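This report refers to the structure that appears directly beneath it.
The values are calculated or read from the model by the stated rules, or taken from the named source; none is laboratory data. None of these values were measured; they are calculated from a predicted model. Virtual Cβ from ideal backbone geometry, glycine too; neighbours counted across all protein chains shown.
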Amino acid sequence: MPPDIEAIAEQVFVALADPTRRAILAALASGGPATATDLADRLPITRQAIAKHLALLAEVGLVTAEPGERRRVRYRLRSAPMQVAQQFLAALARDWDDRLDALTRQLQRHSGTASSG
Amino acid sequence: MGFPDRIERTVELAHPRASVWAALTTAEGLAGWFGNEAQVDLRVGGSVQMAWTGGPATDMRIERIEEPSVFGFTWHIYGLPDDDPRRTYVEFTLEPAGDGTRLTVVETGFAQLPEDAYRKAFDGNTEGWASELGELVEYLNAA
């Protein structure tokens, strides 16, 4: 596996564990690219705090800064790391235990026996 | 953290391999435990289509058929976008165990992600909507 895949997933989960960063990511997901000032207008968080979180999110690749003048830099959500985290969650959600229990019950029904699987 | 790339389970079933094989590889068998509806084109390269009532549907591509001992397919990683090309590989192995069958299922590939695919996914997604919206603007301007 690529050496960085686990680090990518971990950065997503660390980012999502913080309510302020969740709010920022959710705002970018629902409203599209925005400046720190736009986000400060929309969220109950100071511009300074938002700038600090955006810097962290950009550092780990969850948002990307579009070129622009300092105060007009717009931040855009990067979906690729989220897709890596989704893979991690997908593995946890596969639930072969329930499936194999269902298979066992199905075979018992069909054979008409009451043997334990 | 431990990225879970491989899932493996083994169950002992009190049924002969032929019964288990039928439950894994026929539409009737699969519809009884895996999904609610199934269609099976049982050949390597063929597809298994599964649907769940009021839920998702999935399309599996059959990769290995060695009756009655090995059945393998690849399928979409649930939770990822429909157009995501990544797939996991599922292999069922059936071994005789007394009068019954020892069934092992191994699913691998959750942590697959070559660097170029990662780059492509990133580039594709960052440009995706912006360029599509740009094309829409051009289209409307030209009209």
Given (1) assigned to a loop (DSSP other than H, G, I, E, B); (2) surrounded by 17 or more Cβ atoms within 10 Å (Cβ to Cβ); (3) away from every other protein chain (no Cβ under 14 Å), index of the condition B:ILE62 fails: (1)
Residue among B:ARG86, B:ARG64, B:ARG6 that is farther than 29 Å from A:ALA80 by Cβ and of a type in the set (Lys, Arg): B:ARG64
If you scan the stretch B:69-81, which residues turn out to be part of a loop (DSSP other than H, G, I, E, B), within 14 Å of another protein chain (Cβ to nearest Cβ) and either touching a Lys or Arg at 6+ places or on another chain (Cβ under 8 Å) or among the polar types (S, T, N, Q) (or both)? B:ILE77, B:TYR78, B:LEU80
Pairs, first in the same structural domain as B:ARG17 (by TED's automatic domain parsing) and of a type in the set (Phe, Trp, Tyr) in the stretch B:86-109, second assigned to a loop (DSSP other than H, G, I, E, B) and buried (at least 16 other Cβ atoms within 10 Å of the Cβ), C-beta under 8 Å, six or more apart: B:TYR89/B:GLY109
Answer yes or no as to whether A:ALA15 is more than 10 Å from chain B (Cβ to nearest Cβ), small (Gly, Ala, Ser), more than 30 Å from B:TRP21 (Cα to Cα) and assigned to a helix (DSSP H, G or I). yes
Just name the residue that is nearest to B:THR108 (Cα to Cα) out of those in the stretch A:64-92 that are facing chain B (nearest Cβ under 7 Å) and among the small types (Gly, Ala, Ser). A:ALA91
Modelled with pLDDT under 90, part of a helix (DSSP H, G or I), among the polar types (S, T, N, Q) and surrounded by 17 or more Cβ atoms within 10 Å (Cβ to Cβ) - does that describe any residue in the stretch A:65-84? yes
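The rows are residues; the columns are (1) on the phi < 0 side of the Ramachandran plot; (2) β-branched (Val, Ile, Thr).
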| residue | (1), (2) |
| --- | --- |
| A:ILE5 | yes, yes |
| A:ILE8 | yes, yes |
| A:PHE13 | yes, no |
| A:ALA17 | yes, no |
| A:ARG22 | yes, no |
| A:ALA36 | yes, no |
| A:LEU39 | yes, no |
| A:LEU57 | yes, no |
| A:GLY61 | no, no |
